[in-house]
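Each remark here refers to the structure printed beneath this line.
The values are calculated or read from the model by the stated rules, or taken from the named source; none is laboratory data. Quick caveat, the model's predicted, so the values are computed rather than measured. In this analysis, Cβ positions are derived from the backbone assuming ideal geometry, glycine residues included, and neighbour counts consider all displayed protein chains.
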Amino acid sequence: MKLSTSLISTAARSAAVASLLAVGALGAAVAGQDPALALNVGRHDFNRTVSVDSVEVGAEIRLTNIELARWSWGTMSPAFGAFVTDDSTHYVYGGFRLHMPAGPVRVAIHASGGAYGRGDGLDLGGVVEFRTGIEVAYRVAPAIFVGLDFHHLSNAGIYPLNPGVNSLVANVSFRPWQASARP
């Protein structure tokens with residue numbers, strides 16, 4: 001019975017997070033920002049010596065048309081997203097991505113802050129957590145990338161307990177509201 005309650009709770013959280021992301025993406029699309037949507041799935045907390053890893057599923061809105069900074073080798077733009085795990089852990093965040101394209105390959109370094117909910121997962125010390133990572137992706141079509149993302153989630157020592165977790169996820173990013181598709 002506990003398993004079914006946990007699954008229902010996780011499904012409800014996932015639906016709420018997906019709804020928030022959809023509203024944000026739709027708002028950005030309406031505002032003419034042509035956001036990219038990234039969907040990912042992989043292993044959460046995969047490298048502990050004690051086996052506590054779980055499946056992580058997430059989504060991220062990437063506002064790549066809003067350049068916070070530009071250099072000859074890349075651009076920085078805002079992103080926000082969320083993930084849930086099969087042990088009801090959830091995280092909602094906002095931050096930035098530094099995109100460094102090299103032909104069909106794109107490397108992105110990302111950093112964000114957000115709110116963490118433990119669920120039945122690992123206690124990371126508190127609600128405020130920071131996420132940093134790197135993604136390597138390959139362009140498979142003009143506006144579609146497939147890649148791998150490694151990210152670390154921890155509280156940077158602001159709480160006495162700070163174990164941190166690492167995730168490795170596969171992702172696909174695309175532009176569902178492609179500007180060329182608009183009238």
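The rows are residues; the columns are (1) within 22 Å of residue 54 (Cα to Cα); (2) over 14 Å from the mean Cα position of the chain (by Cα).
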{"residue": "87", "(1), (2)": "yes, yes"}
{"residue": "92", "(1), (2)": "yes, no"}
{"residue": "101", "(1), (2)": "no, yes"}
{"residue": "112", "(1), (2)": "yes, no"}
{"residue": "142", "(1), (2)": "no, yes"}
{"residue": "147", "(1), (2)": "yes, no"}
{"residue": "151", "(1), (2)": "yes, no"}
{"residue": "154", "(1), (2)": "yes, yes"}
The residue from 60, 67 that alone is at pLDDT 55 or above, among the charged types (D, E, K, R) and closer than 26 Å to residue 165 by Cα is 60
Could you tell me whether any residue of region 163-171 is closer than 18 Å to residue 35 by Cβ, at pLDDT 95 or above and not in a loop (DSSP other than H, G, I, E, B)? yes
Being free of Cβ contacts under 8 Å to residues at least 60 places away in the same chain and either in a strand (DSSP E or B) or of a type in the set (Ser, Thr, Tyr) (or both) is the filter here, so list the residues in region 149-162 that pass it. 150, 151, 152, 154, 159
Unique residue being touching a residue at least 60 places away in the same chain (Cβ under 8 Å), closer than 18 Å to residue 173 by Cα and either surrounded by 15 or more Cβ atoms within 10 Å (Cβ to Cβ) or within 11 Å of the chain's Cα centre (by Cα) (or both) when the list is 81, 121: 81
Going residue by residue through region 124-142, is there one that turns out to be touching a residue at least 60 places away in the same chain (Cβ under 8 Å), crowded, with 16+ Cβ neighbours inside 10 Å and touching a strand residue (DSSP E or B) at 6+ places or on another chain (Cβ under 9 Å)? no
Could you tell me whether any residue of region 171-179 is closer than 23 Å to residue 56 by Cα and exposed (fewer than 14 other Cβ atoms within 10 Å of the Cβ)? yes
